[in-house]
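Presented below is the structure to which this report refers.
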Amino acid sequence: MTLCTVLGLSYSLCFVQQQVLHDTAYQLYLTQIAASEALLQLNKIREARTYLDACDEKYRDIEWHFLDAHLDQSKQTLQQANENYFTAVAMSADGNILAVSGSDSTIKLYVYPELKKIKVLKGHKSSVSTIAFSNDGSKLASGGRDHTVIIWDVNSGNQLGHNSDAFKQGIYQVRFSPDDSKLGVVSWERSTGVSGFVKLLDVQNAGEILKVETDAHPAAGIVFTQDGMRIIVSTWGEIVYAFDISTGETKWKYDLSDYDEYNAFHSIAISPDGTTIVAGSTDHRIHFLHASDGRLIRRIEPWEGHTKTVKTLSFSNNGQFLASAGEDQTIFVWDVYNNTKQTSLIGHTQTVTGLAWSTDGSFLLSTSADGTLKQWDLHHPFAHTYTVCDFGPWQTPVTANKKYFAAPCSDQNLALYEITTGKEYVNFGTQSGLCADISDDGNIMATSSFDGIVRAWDVQSGTELKAFKGHTSRIDGVAYMNSTGFLISVGDTTMRVWSLFTGGLERVIPLNHSAFRIALLPNESRILAGSSDGAISIFDAKTWNESMNLICARGLQEMAVSPDGKRLAVFSGKNIEIWDLKSGVREALLTGHEQGGYGIDFSPDGRYLISGSNDQTFKLWNLEHGLCTMTYHGYEDVVYSCKFISDHEFFNGTSQGVMHYYRF
């Protein structure tokens, strides 16, 4: 007797599975996928990339393409030649020219957004560490490890000013004053010890106007206040100073220096409205300060974002978003208005050295020690996370055009949301929900909830069409029949058929079990009523007679029918059972989840299954092989719902209302 026979599985798929298990090359592929995913979770992007690139091309499928997109989420990449790398990036105020400096001592100017190279500025003798456009866009300033500051004419590419006499060490940052008359430069020097300082240069000739010493650490960052009356400087001593430009007097100081724990402020930025200073440090935090007096507003803690030194910060032009990056290689975009993380961008494999925004905030550009300049499309990211409720959604039916989904939640809020953005599309008011279904034309939505009432909704107006009463307890399964306009619900120990046209109850079908879920075949020829104890009754949609009965090994949490109507997937206990709906034979038993779950869906071509579990993972299953091809970790809550949108898109949601959309 074979294992397949013992488990009650079909011979054909079980035979294929056994063949695949003995395919050492395919097993190596699955091992490489698992290693890549594990390294991704540890934020070891370069190592994860190595394992993924080593995968045999003939085996690469959905799991490979998902990880490939996850590991490099950028839209476009430019690579430096000869092992050089980009050190900083800046965008002109009009958004037409992008400047990128490099370790090869050059500065390249590109037409944006085409990223067509138009000039190469040569003048530095070693790596260029910092660049900045003047506010009118006519000039570019640069500073390098050659202890030199150069001011360039952007149109001609000629040098307008040059100063190497005022500096004895590398230049950390340069910035123009609001009126473009002065250039702020931060650096350091040695006398009896290390001494950090800021100097103001005259933009006309790059001559020194003012020098202000900071502390016994290099000065690393500088910004001007909006009125041009003050400069704000950050240092490696973990101090931020505000100096009066005319006198050099210290106006305020944010001092976190601690001899027992050395930290450094590596980066600084000021919001476009001039009210807020942000500073990034080696303690992995981002500090928000009032520009007027240096008082702390809040901090972004390491558990919220970065795990290593924050090296670069940049505000979007409208001030709503802050981009941050550094040694952990990940770029975070923060919504400053509501204090939330907007997105995480992965793709660099070494320290991120610079950030710049497109003028409209749609794109972000970054440079890295990995030798790349990357452009990120923020309107079409690889992943988007958003919240729809506090408890739920318990099911996520999708409209036929794959643009919207319903979110029946325990909260008193029922709505349709845009899948890719999370924007609310239609709100149906203060109504809770346990399950839902949407008509193929997108005009009708059926829901039910704890009160045992089935409701039909007009999607266009967001109003209730009809409330059907009759069940004696909560309803966990509802479906809409497009061919007849019937609403079918399962609850208590009955399946009930309601007519939207007559507004009445068409029939009551007794069930032998406590009903929990309902599903229709795509052609609506059969109706499947599943109970929590694992029994599934299948009815003919014309006669309403029971034509088949399936018994799962354990209880039933959720079920899904394949797009061709030939297979049924059931999340039963910790396992997933695949049933042939023609023969009534269980084809496969998919094992691997550590806990049960409620998220399950077929890919559009029926080759793959996605499942979400209480073990805080989702899994991808190759149904042709009957094997799990990837387990994705990293969620803080139960993964409750999962849905394929296309062969390269899916989304899932947690039981706490947080949705994760992926495009790959």
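Scanning segment 358-403 for residues that are open to solvent by 40 Å² or more (accessible area, probe 1.4 Å) and part of a strand (DSSP E or B) returns F363, T385, T387. Against the numbered list (1) farther than 20 Å from G161 by Cβ; (2) under 29 Å from the mean Cα position of the chain (by Cα); (3) not polar (S, T, N, Q), A90 comes up short only at (1).
For (1) of a type outside the set (A, V, I, L, M, F, W, C); (2) surrounded by fewer than 20 Cβ atoms within 10 Å (Cβ to Cβ); (3) touching a Leu at 6+ places or on another chain (Cβ under 7 Å); (4) farther than 23 Å from D61 by Cβ, each residue gets a yes or a no:
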position: T629; (1), (2), (3), (4): yes, no, yes, no
position: H633; (1), (2), (3), (4): yes, yes, no, no
position: E636; (1), (2), (3), (4): yes, yes, no, yes
position: V639; (1), (2), (3), (4): no, no, no, no
position: D647; (1), (2), (3), (4): yes, yes, no, no
position: F651; (1), (2), (3), (4): no, no, no, no
position: T654; (1), (2), (3), (4): yes, no, no, yes
position: M659; (1), (2), (3), (4): no, no, no, yes
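Residues are listed down the side, and each one gets a yes or a no for (1) open to solvent by 20 Å² or more (accessible area, probe 1.4 Å); (2) in a strand (DSSP E or B); (3) modelled with pLDDT of 95 or more; (4) under 17 Å from D440 (Cα atoms):
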{"site": "A456", "(1), (2), (3), (4)": "no, yes, yes, yes"}
{"site": "E464", "(1), (2), (3), (4)": "yes, yes, yes, no"}
{"site": "N482", "(1), (2), (3), (4)": "yes, no, yes, yes"}
{"site": "R496", "(1), (2), (3), (4)": "yes, yes, yes, no"}
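Scanning segment 236-251 for residues that are surrounded by 21 or more Cβ atoms within 10 Å (Cβ to Cβ) and assigned to a strand (DSSP E or B) yields a count of 5. What number of residues within segment 499-523 are open to solvent by 60 Å² or more (accessible area, probe 1.4 Å) and closer than 24 Å to M445 by Cβ? Selection size over segment 499-523: 8. Among the residues of segment 329-340 satisfying the criterion of being touching a residue at least 40 places away in the same chain (Cβ under 8 Å) and open to solvent by 20 Å² or more (accessible area, probe 1.4 Å), which is nearest to N135 (Cα to Cα)? The qualifying residue nearest to N135 (Cα to Cα) is V336. Of the strands (runs of 3 or more DSSP E) lying entirely inside segment 524-627, those containing at least 2 residues that are open to solvent by 50 Å² or more (accessible area, probe 1.4 Å) span 546-551. One residue stands out among those in segment 65-100 that are free of Cβ contacts under 8 Å to residues at least 60 places away in the same chain and buried (at least 20 other Cβ atoms within 10 Å of the Cβ): the one that is farthest from D328 (Cα to Cα), which is I97. Checking each residue in segment 21-63 for being touching a Phe, Trp or Tyr at 6+ places or on another chain (Cβ under 8 Å) and either among the hydroxyl-bearing types (S, T, Y) or in a helix (DSSP H, G or I) (or both) picks out A25, Y26, Y29, Q32, I33, A35, S36, E37, L39, L52, Y59, I62.
Here is the figure for segment 104-139: residues that are free of Cβ contacts under 8 Å to residues at least 24 places away in the same chain, surrounded by fewer than 19 Cβ atoms within 10 Å (Cβ to Cβ) and among the charged types (D, E, K, R) total 5.
Condition (residue is hydroxyl-bearing (S, T, Y) and touching a residue at least 40 places away in the same chain (Cβ under 8 Å)) applied to segment 425-447: is it met by at least one residue? Yes, that holds for at least one residue. Listed by first and then second residue, the pairs with beta-carbon distance under 7 Å, at least 6 apart or on different chains, first residue in segment 397-418 and closer than 21 Å to R517 by Cβ, second among the polar types (S, T, N, Q) and not in a loop (DSSP other than H, G, I, E, B), are P408/T447; L414/T447.
Close contacts from segment 484-506, counting a first residue that is farther than 18 Å from A519 by Cβ and in contact (Cβ under 8 Å) with a residue 12 or more places away in the chain and a second that is of a type in the set (S, T, N, Q) and open to solvent by 30 Å² or more (accessible area, probe 1.4 Å), with Cβ to Cβ under 6 Å and a gap of 6+ residues or different chains, come to D492/T472; D492/S473; T493/S514.
For segment 340-357, filtered to residues that are among the hydroxyl-bearing types (S, T, Y) and in a strand (DSSP E or B), the residue that is modelled with the highest pLDDT is T353. Of the candidates V203, V233, the single residue that is without any contact (Cβ under 8 Å) to a residue 60 or more places away in the chain and open to solvent by less than 10 Å² (accessible area, probe 1.4 Å) is V233. Tallying residues that are surrounded by fewer than 21 Cβ atoms within 10 Å (Cβ to Cβ) and either in contact with a helix residue (DSSP H, G or I) (Cβ under 9 Å, 6 or more places away or on another chain) or part of a strand (DSSP E or B) (or both) within segment 140-174 yields 5. Filtered by the rule that a residue be among the hydroxyl-bearing types (S, T, Y), in contact with a Lys or Arg (Cβ under 9 Å, 6 or more places away or on another chain) and free of Cβ contacts under 8 Å to residues at least 40 places away in the same chain, segment 236-254 gives a lone residue, Y241. Candidates N205, N158, N135, N163: the one that is modelled with pLDDT under 95 and not small (G, A, S) is N205. Cβ-Cβ under 7 Å, sequence separation 6+ or interchain: first residue in segment 176-198 and more than 14 Å from V212 (Cβ to Cβ), partner surrounded by 18 or more Cβ atoms within 10 Å (Cβ to Cβ) and among the polar types (S, T, N, Q). Which pairs? Final answer for the pair search is F176/S134; D180/S134.
Contact map, segment 645-664: first residue at positive phi and at pLDDT 95 or above, second residue open to solvent by less than 10 Å² (accessible area, probe 1.4 Å) and in a strand (DSSP E or B), Cβ cut-off under 7 Å, separation 6 or more or different chains; pairs are G657/G392.
The residue of segment 255-281 that is nearest to R175 (Cα to Cα), among those that are outside any strand (DSSP E or B) and free of Cβ contacts under 8 Å to residues at least 40 places away in the same chain, is T275.
The values are calculated or read from the model by the stated rules, or taken from the named source; none is laboratory data. Please read all numbers here as calculations on a predicted model, not as lab measurements. So basically every Cβ, Gly included, is an ideal-geometry build from the backbone, and we count neighbours across all protein chains shown. Quick note on the areas: whole protein, heavy atoms, side chains included, nothing else; ligands and nucleic acids left out. Shrake-Rupley method; radii C 1.70, N 1.55, O 1.52, S 1.80 Å.
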